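Below is one structure, written out as structure tokens; comments come after it.
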Amino acid sequence: DVKVTQSSRYLVKRTGEKVFLECVQDMDHENMFWYRQDPGLGLRLIYFSYDVKMKEKGDIPEGYSVSREKKERFSLILESASTNQTSMYLCASRHRGALEETQYFGPGTRLLVL
Amino acid sequence: DAKTTQPPSMDCAEGRAANLPCNHSTISGNEYVYWYRQIHSQGPQYIIHGLKNNETNEMASLIITEDRKSSTLILPHATLRDTAVYYCIVRVGRGAGSYQLTFGKGTKLSVIP
């Protein structure tokens, strides 16, 4: 089974703090994604990575950056957390060679910024 | 990507089959049907996908009509742990690149003891 793990299930941070969210997958997938999910807005893509050291902006990259130094790990960084970044953050991975768009998600990190 | 229509909610008795419908009348020939579900406070979980033929795996069966304009996800023996929001997504299959998944409102399935 594909396993995608995220470093924390719940996180509470203060406005202005730098926040690191870590995601690790164990299936040698090339593609990795960071989404946020908010009530009424569905899933929104923040950043994705085709492969190691590659990254592309999604729909809402402002206030975020990412790092992909190793194939299995994709980190999301909130440079200076703000209250409007309170959300559920979801990491996903996918095998690049797959014709289908099957993505495997982690359990999510629920971030509260005070 | 083709739009999908799902009922907002359904109930199913524990142990019975849960049949979740999805309409995708504008589906084109190279679009796949995917099903995901999301249990409360967890990440989405891939269930199954198909193009034309019916598919079955350890979690569920997917029945696609001959004209491909609708499909049904079948959970053969629903348990309380199957209570979740189920999303039907229609997407073109691609061999490269990465594309975000867009979930609609889905169907809230409640499995009742």
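Check cross-link reach from A:LYS53 to the lysines: straight Cα distance under 24 Å, and skip same-chain residues fewer than eight apart.
The qualifying lysines are A:LYS3, A:LYS18, A:LYS70, A:LYS71.
At a cut-off of 50 Å², which residues of the range B:38-53 become less accessible once all protein chains are present than in their chain alone, using a 1.4 Å probe?
At a threshold of 50 Å² (probe 1.4 Å), the residues of the range B:38-53 that become less exposed are B:SER41, B:PRO44, B:TYR46.
Probe radius 1.4 Å, ligands and nucleic acids ignored: give me the carbon and sulfur share of the accessible area of the range A:1-44 as a rounded percent.
Exposed carbon and sulfur together represent 50 percent of the surface.
On the accessible surface of the range B:1-41, probed at 1.4 Å, how many percent belong to carbon and sulfur atoms?
47
Which of B:SER28, B:SER41, B:SER71 moves most in a GNM of chain B, Cα contacts under 10 Å?
Looking only at B:SER28, B:SER41, B:SER71, the biggest GNM fluctuation is shown by B:SER41.
Could you provide, to the nearest whole Å², the per residue accessible area of chain A with probe 1.4 Å?
Counting only protein heavy atoms, the per-residue value for chain A is 48 Å².
What trypsin sites (Lys or Arg not before Pro) in the range B:1-81 are in a loop by DSSP, with at most 14 other Cβ atoms within 10 Å of the Cβ?
Sites meeting the loop and neighbour criteria: B:LYS3, B:ARG16, B:LYS52, B:LYS69.
Lone cysteines in chain B, going by a 4.7 Å Cβ-Cβ cut-off?
Isolated Cys, chain B: B:CYS12.
How many Cβ atoms of partner chains, on average, are near each residue of A:102-108 if near means within 10 Å of its Cβ?
That average works out to 6.
Over both sides of the A-B contact, add up the buried accessible area with a 1.4 Å probe and give it to the nearest 100 Å².
1900
The values are calculated or read from the model by the stated rules, or taken from the named source; none is laboratory data. This is a predicted model, so every value here is computed, not measured. Cβ sites come from the backbone with ideal geometry, for glycine too, and all protein chains shown count toward neighbours. Side chains included, ligands, DNA and RNA excluded: accessible areas come from the protein's heavy atoms. Shrake-Rupley method; radii C 1.70, N 1.55, O 1.52, S 1.80 Å.
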